[in-house]
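Encoded as structure tokens, the structure appears first; notes follow it.
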Amino acid sequence: MKTMTCKQLGGACDKEFHAKTFEEMAEMSKKHGMEMFQKGDEKHLNAINEMMELMKNPKAMAQWFEGKRKEFDALPEDR
Ligand SMILES: [Zn+2]
């Protein structure tokens, strides 16, 4: 398992996610983002808006995603 925070994944808080694969990590972060979105958390709303802007440009989005995947791969395994 590896650990990344909401902030590291383009979010807005220090909540930690633990996952074995990057896909799993991305999924958890997305779910958390949706939850915070529904609660109307302002910081997360801003983060989500930024992410939506990024998604308008598929190339930039793919680059962002790959960058995060590399970050994930470089992380040490949790003990
Ligand atoms: Zn968060």
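The values are calculated or read from the model by the stated rules, or taken from the named source; none is laboratory data. It should be emphasised that the depicted structure is a prediction, and the values quoted were computed from it without experimental measurement. Backbone-built Cβ (ideal geometry, glycine too); neighbour counts: all protein chains shown. Note: areas computed on protein heavy atoms with side chains; ligands, DNA, RNA excluded. Shrake-Rupley method; radii C 1.70, N 1.55, O 1.52, S 1.80 Å.
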**Prompt:** Does Phe37 fit the bill of being open to solvent by 70 Å² or more (accessible area, probe 1.4 Å), part of a helix (DSSP H, G or I) and not acidic (Asp, Glu)?
**Reply:** yes
**Item:** Members of the range 67-79 found to be acidic (Asp, Glu), open to solvent by less than 90 Å² (accessible area, probe 1.4 Å) and farther than 22 Å from Ala12 by Cβ, listed by number
**Value:** Asp78
**Prompt:** Is there any pair linking a residue in the range 17-30 that is over 16 Å from Ile48 (Cβ atoms) and part of a helix (DSSP H, G or I) to one that is more than 14 Å from the ligand (Cβ to nearest atom) and modelled with pLDDT of 95 or more, with Cβ under 7 Å and at least six apart or on different chains, and which?
**Reply:** Phe22/Arg69; Phe22/Phe72; Met25/Ala19; Met25/Phe72
**Asked** If you scan the range 4-35, which residues turn out to be more than 9 Å from the chain's Cα centre (by Cα) and of a type in the set (D, E, K, R)?
**Response** Asp14, Lys15, Glu16, Lys20, Glu23, Glu24, Lys31, Glu35
**Message:** Please determine whether any residue of the range 46-66 is surrounded by 13 or more Cβ atoms within 10 Å (Cβ to Cβ) and within 11 Å of the ligand (Cβ to nearest atom).
**Reply:** yes
**Prompt:** Considering only residues of the range 35-44 that are within 11 Å of the ligand (Cβ to nearest atom) and without any contact (Cβ under 8 Å) to a residue 12 or more places away in the chain, which is farthest from Phe65 (Cα to Cα)?
**Reply:** Lys39
**Prompt:** Mind checking whether some residue in the range 6-23 is β-branched (Val, Ile, Thr) and within 11 Å of the ligand (Cβ to nearest atom)?
**Reply:** no
